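Presented below is the structure to which this report refers.
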């Protein structure tokens, strides 16, 4: 399917309060003779071009943030599967190592959902009340992978470890090390240390998702895809987002999430 013209915001009509007693405002005369207004001039064309640039940047960043989300959750699943095996084998240290690994990936996921909630609000602000051919915010058309099943698995395994005397004893011995461990993923997500992330990552992801729900004015279940654990669905997710991102970077407007 062929791509269309680039996304853009169009200059809108003057609002009544922007007119001077029904007469043309001075910049209306000016813009009729200069189709390329200069920055700093109060022209609707310049505002439209500025909004086009900002909305395009927000759209591109949104797709870049969305792209690795399936891999982050899959890495967390693998670590939690390992943790389940280590628990069954009574391997205390490896169990908590696997939990730490899963939490680090979930912290990255949480950082991404925080950013998506912010970008959703910004994107809407740039386009609100201005005619444009930009698509809806991407998560409305291509839901992100649902982290809630993974968070539930983490919570269940944490509960098993904390209620088993031997595993809990090892955890207490490791707490000081966890509190001193400040990984890039954990710090970027706003946690003080790994121990802090293990305790609160689930709550923080839930909070980020709720904020994204508010920013988009959409039901949370419509923004999350519970089927992305399937490899075929994950492949389609990547193909959709990668294609749209490539077209935007090349200055083309693709059909929304063309498969």
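The values are calculated or read from the model by the stated rules, or taken from the named source; none is laboratory data. In this text, all values refer to a predicted model and were calculated from it rather than measured experimentally. Quick reminder, even Gly has a Cβ in these numbers, built from the backbone with ideal geometry, and neighbours come from all protein chains shown.
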Item checked: Residue in region 103-111 that is surrounded by fewer than 19 Cβ atoms within 10 Å (Cβ to Cβ) and part of a helix (DSSP H, G or I) present -> no
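Might you let me know whether region 134-146 holds any residue that is farther than 25 Å from residue 201 by Cβ, surrounded by fewer than 22 Cβ atoms within 10 Å (Cβ to Cβ) and in contact with a strand residue (DSSP E or B) (Cβ under 6 Å, 6 or more places away or on another chain)? Give the derivation first.
Of the residues in region 134-146, the ones farther than 25 Å from residue 201 by Cβ are 134-136, 140-141.
Next cut, surrounded by fewer than 22 Cβ atoms within 10 Å (Cβ to Cβ) only: 134-136, 140-141.
Now narrow it down to the ones that are in contact with a strand residue (DSSP E or B) (Cβ under 6 Å, 6 or more places away or on another chain): none.
No, every residue in region 134-146 fails to be farther than 25 Å from residue 201 by Cβ, surrounded by fewer than 22 Cβ atoms within 10 Å (Cβ to Cβ) and in contact with a strand residue (DSSP E or B) (Cβ under 6 Å, 6 or more places away or on another chain).
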Practice prompt. Kindly establish whether residue 129 is more than 14 Å from the chain's Cα centre (by Cα), in contact (Cβ under 8 Å) with a residue 12 or more places away in the chain and assigned to a loop (DSSP other than H, G, I, E, B).
Written response: yes
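Please return the ranges of helices (runs of 4 or more DSSP H) entirely within region 142-254 where 1 or more residues are over 26 Å from residue 101 (Cβ atoms) and either within 18 Å of the chain's Cα centre (by Cα) or at pLDDT below 80 (or both). Outline the logic, then answer.
Values: elements: 148-163, 165-180, 184-188, 194-216, 220-223, 231-249.
Hits in region 142-254: 194-216, 220-223, 231-249.
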Condition set surrounded by fewer than 21 Cβ atoms within 10 Å (Cβ to Cβ) and closer than 20 Å to residue 51 by Cβ, scope region 112-125, selection farthest from the chain's Cα centre (by Cα): answer is 125
